Each structure stands twice: as C-alpha cells, then as structure tokens.
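Data block below; observations after.
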Amino acid sequence: MEDIRVVFMGTTDFSAYVLEGVIDNYQVVGVVSQPDRKVGRKKELTFPPVKEVALNNNILVLQPGRIREEYEQVLALKPDLIVTCAYGQILPKEILEYPRLGCINVHASLLPKLRGGAPIHRALIEGHAKTGITIMYMDQGMDDGDIISKREVEILDSDNLESLQDKLKVIGRDLLIEVLPSIIEGTNNRIVQDEAEVTYAYTITREEEHLDFNKTTLEVFNKIRGLSPEPGVYVLLDDVSFKIYQSRIGSFDTSNKEIGEICQIYKDGIGVSTKDGEIIITEIKPFGKKKMSVSSYLNGVDSNSLLGKVFK
C-alpha cells in the first residue's frame, strides 16, 4: 500500500482513541485540535485529549481558534488524506477540497440519523434501541456527505453516555482502520444519504441540563443517562442544586402526588413522582460536595424530612 500523509483533526477522548489507531497504522504528519481550555473549579489550563496523544507520539499539533480563518497551516502539511472525529469546528472548503484522497469523518451515529454534535447524548435521551458509527466523506453541510461504511451497536438499558461512548470509540477505531485501505485504493463504497431519513443531534444546551420531572418516567430515565457522567442533569431542592447521575424506574403509585415530589425513601434511592409514575434516584452530587450514592447521602440527613418536598 502506498505511503500517504494523514492529518487528523479531533479533540475529545473519543477522538483520541481513534487517533491512536491511525497512528499505529499510518503516517500522521499533523494533528489539529481545539485550543487548550480552562477547566474545573480552579480553572486550570488543560490540553485536549487528542493533543496529549499527539505529543506523546512526537506529532506536530495545531490549535487554531477559528479554523475557517487559520487553515493555511493545515494545508502547509500537504495532507493526502484528512481524518476528522469529534473536532468541534466546521471546516472551510479550502481544507475540504485540498487532500487528493478527500476528507473523511468518523461520526457516532447511523447516518442520516442524528447529524450534528451530540449524537451519543441524543441517542440515549431519545430512547433509541441502537446506534453506531458511520465513516463518511465530508462536504460543506452538517454530516451530509456520502457514506462509506456503517456499523451498529445495541443500546442497553444499563448504558449511559460513558459506557455507550466507550463501545462506540472502539467500533469507530476498528471500522476506520478496516475501510482506510479501500479509501486509499479508491475501491470503497460511496452511498448518498437519504434526506428523507435525516434527524439532528444538536449540541446540548445549558437549559437542557435541567431535569424536568413533568415528563414520563422513561423520558426522565433516558435524560439522566444521556447526560451522565458529564455534564449531569441538575435539579433544585430548597434552592440547593443537586446533580443526578443514575436512576432506575420505580412502580410506586404517584397519582396523588405533585410532579417532582419525593414520595418514597429506599435504602439506595429517593423515589420522585413523574408525569406517569416514579423515578428512583440512586446517585447524586449535592452542590459543593462530591458525587455519591444516594444511600451515602441518606446516612447524613433525616430521610423522613425529605418526604413531600418537591424538586424544581
């Protein structure tokens, strides 16, 4: 197989894992990632995971603030192929049109379903039974290029954002490495997406992180796991913020309870009324404290005093 120059563009843990697979098999001449960010309560400047992988492999890292305006440094690397995965910025046509083998993307959904920046979150929140990875050619639209290959995975009731992402990053790496030879040789599939089947997975907003109990129990359950462990959904109790990370569906009769009311206390959870039943919260993080099991939280409070209170 011919020796080609690959530029990889990505930012997250997901994309860092995929990058490692590319490095093991091809000549990566440069990595493009989002700028370093201040994170945590101490606002410490932190490298993106992809940058860490690149530096550990002595690969040049570029971090343009606005790739649409700072693309010349990418073209200077003279890539034959550009691979993107959870990069986080829209590429200008100058980059898309440069590599002779094209720009391909590793997208975490079964396109044309869930185009956009939060496909794993949305698959869980919307209660999908399956999702997967699509390897695709990029163009100037949002994830609307031709499909090269897809591979699906079942979504289990036990999955949350972290566990589903862990499954998908393995599939993404393996499928990419499997199809890259055909892309290089020009023998790969090229399937036009069916626009009638398109749905979108827009990035999660801060407003969406608030948990609304005026939904069905299943919708509440899916929202919690779709945002766990990061960023986590939040609610207010007596004007104190609580983040919720884990729950299960209960069976307590809440027909005479207010929406969001704490109606039952269990050894390992707090039962809360929803639009059509009960959700049992089992892992939380009270404001200013560490994440903990609800059983640990209950050891430090008068559980009976919680009954009848309402999450807002």
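Scan the range 27-62 for residues that are assigned to a loop (DSSP other than H, G, I, E, B) and more than 20 Å from Leu77 (Cα to Cα) and jot them down. Across the range 27-62, the qualifying residues are Asp36, Gly40, Arg41, Lys42, Lys43, Phe47, Pro48. Any residue that is in contact with a helix residue (DSSP H, G or I) (Cβ under 6 Å, 6 or more places away or on another chain), of a type in the set (A, V, I, L, M) and surrounded by fewer than 19 Cβ atoms within 10 Å (Cβ to Cβ) - is there at least one of those in the range 256-266? Yes, there is a match, as at least one residue in the range 256-266 is in contact with a helix residue (DSSP H, G or I) (Cβ under 6 Å, 6 or more places away or on another chain), of a type in the set (A, V, I, L, M) and surrounded by fewer than 19 Cβ atoms within 10 Å (Cβ to Cβ).
Within the range 26-46, no residue that is farther than 18 Å from Leu62 by Cβ and surrounded by fewer than 13 Cβ atoms within 10 Å (Cβ to Cβ) sits with its Cβ atom under 6 Å from a residue that is of a type in the set (Lys, Arg) and modelled with pLDDT of 85 or more at 6+ positions apart or across chains.
Among the candidates Lys93, Lys130, which residue alone is within 25 Å of Ile191 (Cβ to Cβ), surrounded by fewer than 18 Cβ atoms within 10 Å (Cβ to Cβ) and more than 22 Å from the chain's Cα centre (by Cα)?
On the way: Lys130 fails: more than 22 Å from the chain's Cα centre (by Cα).
Residue meeting the stated conditions: Lys93.
It is to be established whether one or more residues within the range 71-85 are at pLDDT 95 or above, surrounded by fewer than 16 Cβ atoms within 10 Å (Cβ to Cβ), of a type outside the set (Val, Ile, Thr) and under 20 Å from Gly172 (Cβ atoms). Checked the range 71-85: no residue is at pLDDT 95 or above, surrounded by fewer than 16 Cβ atoms within 10 Å (Cβ to Cβ), of a type outside the set (Val, Ile, Thr) and under 20 Å from Gly172 (Cβ atoms). Comparison of Leu180, Leu161, Leu211 shows that the only residue that is surrounded by 18 or more Cβ atoms within 10 Å (Cβ to Cβ) and closer than 15 Å to Phe14 by Cβ is Leu161.
Collect the residues in the range 133-143 that are within 16 Å of the chain's Cα centre (by Cα) and of a type in the set (S, T, N, Q), keeping them in residue-number order.
Residues of the range 133-143 that are within 16 Å of the chain's Cα centre (by Cα), as a first pass: 133-134, 143.
Once the filter is applied, which keeps residues that are within 16 Å of the chain's Cα centre (by Cα) and of a type in the set (S, T, N, Q), the range 133-143 yields only Thr134.
Based on what the data block shows, is Asp238 closer than 14 Å to Leu307 by Cα, in the same structural domain as Ser296 (by TED's automatic domain parsing) and exposed (fewer than 15 other Cβ atoms within 10 Å of the Cβ)? Answer is yes for this residue.
For the condition under 17 Å from the mean Cα position of the chain (by Cα) and farther than 30 Å from Lys215 by Cβ, what is the one hit in Tyr87, Tyr98? Break it down stepwise before answering.
Working: Tyr98 fails: under 17 Å from the mean Cα position of the chain (by Cα).
Matching residue, one of Tyr87, Tyr98: Tyr87.
Does Leu218 satisfy the condition of being at pLDDT 95 or above and surrounded by fewer than 18 Cβ atoms within 10 Å (Cβ to Cβ)?
Details: at pLDDT 95 or above: yes; surrounded by fewer than 18 Cβ atoms within 10 Å (Cβ to Cβ): yes.
Against the criterion (at pLDDT 95 or above and surrounded by fewer than 18 Cβ atoms within 10 Å (Cβ to Cβ)), Leu218 qualifies.
The values are calculated or read from the model by the stated rules, or taken from the named source; none is laboratory data. The model shown is predicted, which means the values in this text are computed figures rather than measured ones. Counting neighbours? That spans all protein chains shown, and the Cβs are built from the backbone with ideal geometry, glycine included.
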